[in-house]
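Q: Following this message is one structure expressed as structure tokens.
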Amino acid sequence: MSDTILAIDDLKVEFGGVTVLDIPSFCIREKEFVSLIGPNGSGKSTLLLALNRLLKPVSGRLSFRGNEIASRDDALHYRRRVSMVFQEPLLFDTTVYRNVASGLKIRGMGGEEIRERVTKYLACFNIEHLAHRSARKLSGGESQRASLARAFAMEPEVIFLDEPFSALDPPTRHSLTDDLEKIVRETGITTLMVTHDQSEALRMSDRIAVMQDGKIVQSGSPLAVMNNPVNEFVANFVGMDTILEGKVRRQDDGIVSVDVSGKEIDALGAAAPGDDVYCCIRPENVTIELTDPDDLTSARNVFPAVIRDIFSVGPFLKVVLDCGFTLTSFVTREAFAILDLKEGMRVFASFKATAVHLISLRK
Ligand code: ADP
Ligand code: MG
């Protein structure tokens, strides 16, 4: 494809004779944000290192903007156009300012230009006030901000992020994710990020790639991966929530009304009218009843539905409902028998506004 920025073919990596990466083909398009997810040891970091040319594959080709990176010279040239940020910040024992400036100096950039760049990226990551602090005296979040500022200051064409936030506590992680998202959106930089956080992956990604045992087993839009996992492994790994795409219509007293396929879902959250969102609903929070429960329960969301499919899942039955959008519900065997549920039956599905996990999408 013409807008492919990075492509790999037939990539294999071995450690001590064991194949840990085996990817027949994978590519990243210009300005794309791809999240890489998968269990520990599935090869995510190894893939990033191979894509950075920090690790030598036993076979395979890597092409950047259509040109194969074959020689040492090609690799040197290529490595100037990409940056990587690791889970553990790797900072030099000097000031934050000098850390952010370090890569630019190596490239022989002039003093004035370096000052401008460093100032700009310190501001982007909200660490101007730490410019003259020693990198040794930073908190985890501040160190990671400095690492990100250093990587972005190079203004690379592709940035690789290997679980940059997983060592941070949740509030620090959320504020850093917000800042990163803003910068990625503003610069439109092509990004490949390894993450453990599904909400993060859903919210930021154009595409999610799932790794298992050194292979990419599924790669597709967040909705395709979450709602149509290719196999049981992916289904279990990404969870089994219903994820619906919608647009916020109103926001009233903390209750957000979201238009999903022409129906209105009420959720609790902080989204504004016009925002594109995902509504994630866990099947154990969806109740099925035979009569309209509107005045009987405190559930805010009630939809007439038709039962499309019924599967057995451990101690539950998984009932797939068509409410104008697809919704799944877990029903105990006892409730299933009492309600006498069958495919094609008309029922009412309900869930509380508090059961909807709202994720705002990148604009
Ligand atoms: P992930 O990042 O998905 O957790 P890694 O890419 O770190 O996975 O590791 C993939 C596999 O390669 C694992 O089985 C790991 O033990 C092995 N591995 C990674 N790095 C090395 C190394 N330097 N030497 C030997 N084995 C390694
Ligand atoms: Mg890793």
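Q: Starting from the Kirkwood Rh over alpha-carbon pairs, what translational D in µm² s⁻¹ does the chain have by Stokes-Einstein at 37 °C and 0.692 mPa s?
A: D, rounded to a whole number, is 144 µm²/s.
Q: Let me check I've understood the local charge: for Ser166, count other residues with C-beta under 13 angstrom from its C-beta, Lys and Arg +1, Asp and Glu -1. What total comes out?
A: Every neighbour counted, the sum reads -4.
Q: Treating only the Cβ atoms of Lys and Arg (+1) and Asp and Glu (-1) as charged, compute the dipole magnitude of segment 35-163 about its Cα centre; round to the nearest 20 debye.
A: The dipole of segment 35-163 has a size of about 220 debye.
Q: In whole Å, how far is the Cα centre of segment 181-211 from that of segment 105-165?
A: 20 Å
Q: Compare Thr4, Thr177 by solvent-accessible area with a 1.4 Å probe and give them largest first, with all protein chains kept in place.
A: Correct descending sequence by accessible area is Thr4, Thr177.
Q: Hey, another quick one. Provide the per-residue ³J(HN,Hα) series for segment 212-224, in order, calculated from phi with Karplus coefficients 6.51, -1.76, 1.60 and θ = phi - 60°, each as a whole number of Hz, with x at glycine and proline positions.
A: 8, 6, x, 10, 8, 8, 8, 9, x, 4, x, 5, 4
Q: Within the chain, which whole H helices from DSSP have a Cα span along their axis of at least 27 Å and a mean Kyte-Doolittle hydropathy of 0.5 or more, if any?
A: none
Q: Quick check on segment 1-97: take the gyration tensor over C-alpha atoms, sort the square-rooted eigenvalues as a ≥ b ≥ c, and tell me if it's rounded (a/c under 1.5), prolate or oblate.
A: rounded
Q: Set the Förster radius R0 to 30 Å, insert the Cβ-Cβ distance between Asp9 and Arg81 as r into 1/(1 + (r/R0)^6), and round the FRET efficiency to 0.05.
A: 0.95
Q: Please give me the summed charge of the neighbours of Arg61: other residues whose Cβ is under 9 Å from its Cβ, Lys and Arg +1, Asp and Glu -1.
A: -3
Q: Could you compute the FRET efficiency for Leu268 and His129, with r as their C-beta to C-beta distance and R0 at 30 Å, rounded to 0.05?
A: In this case the efficiency is close to 0.30.
Q: Please get the size of the charge dipole for the chain, origin at its Cα centre, with Cβ charges of +1 on Lys and Arg and -1 on Asp and Glu, quoted in debye to the nearest 20.
A: Magnitude of the dipole: close to 1360 debye.
Q: Could I ask something else about it? If you average 1/r over every pair of different alpha-carbon atoms in segment 305-345 and take one over that average, what Kirkwood value in Å do you get?
A: That comes to 10.1 Å for segment 305-345.
Q: Over the chain, what is the percentage of antiparallel beta bridges among all DSSP beta bridges, to the nearest 5?
A: 80 percent
Q: Give a quick list of trypsin sites (Lys or Arg not before Pro) in segment 106-141 that DSSP marks as loop, anything other than H, G, I, E or B, with at most 16 other Cβ atoms within 10 Å.
A: Those that pass, being in a loop and sparsely packed, are Arg107, Arg133.
Q: Let me see the pair-distance distribution of segment 260-363: every alpha carbon pair, 5 Å bin width, integer percents in order.
A: 2, 13, 22, 24, 18, 11, 6, 3, 1, 0
Q: Given the -39500 (n - 2.57) contribution per DSSP H run of 4+ residues, what per-residue ellipticity at 222 nm results for the chain, rounded to the nearest 500 deg cm²/dmol?
A: -8000 deg cm²/dmol
Q: Using a 1.4 angstrom probe with every protein chain in place, what is the largest-first accessible-area order of Met211, Met345, Met154?
A: Final ranking, largest accessible area leading: Met345, Met154, Met211.
Q: Taking every pair of Cα atoms in segment 90-227, average 1/r, invert it to obtain the Kirkwood radius, and report Rg/Rh to two decimals.
A: Reported Rg/Rh (Cα atoms, Kirkwood Rh): 1.01.
Q: A further question on this structure: Within 9 Å, Cβ to Cβ, of Pro24, how many net charges do the neighbouring residues add up to if Lys/Arg are +1 and Asp/Glu are -1?
A: Taking every Cβ under 9 Å from that of Pro24, the sum is -2.
Q: Another question, then. Compute from the Cα atoms of segment 157-198 the Rg and the Dmax, the latter being the longest Cα-Cα distance, and quote both in angstrom.
A: For segment 157-198, the Cα radius of gyration and maximum Cα-Cα distance read 10.5, 30 Å.
Q: What residues have an amide H closer than 5 Å to that of Glu157, excluding those fewer than 5 places away on the same chain, when H is modeled at 1.01 Å from N in the peptide plane?
A: Val82
Q: Which of the trypsin sites (Lys or Arg not before Pro) across segment 1-42 are loop residues per DSSP, with 15 or fewer other Cβ within 10 Å?
A: Hits after loop and neighbour filter: Lys31.
Q: Give the Kirkwood hydrodynamic radius (Å, one decimal) of segment 206-252, defined as one over the mean of 1/r across all pairs of different Cα atoms.
A: 11.8 Å is the Kirkwood radius here.
Q: Given a Förster distance of 56 Å, report the FRET efficiency between Glu112 and Glu232 from their Cβ-Cβ distance, rounded to the nearest 0.05.
A: E(calc), rounded to 0.05, equals 0.45.
Q: Hey, rough spin-label estimate for Ser59 and Glu186, points 7 angstrom out along Cα→Cβ, what's it come to in nanometres?
A: 4.6 nm
The values are calculated or read from the model by the stated rules, or taken from the named source; none is laboratory data. Note that this is a predicted model, so its numbers are computed, not measured. Backbone-built Cβ (ideal geometry, glycine too); neighbour counts: all protein chains shown. Heads up: the accessible areas ignore ligands, DNA and RNA and are worked out on the full protein's heavy atoms, side chains in. Shrake-Rupley method; radii C 1.70, N 1.55, O 1.52, S 1.80 Å.
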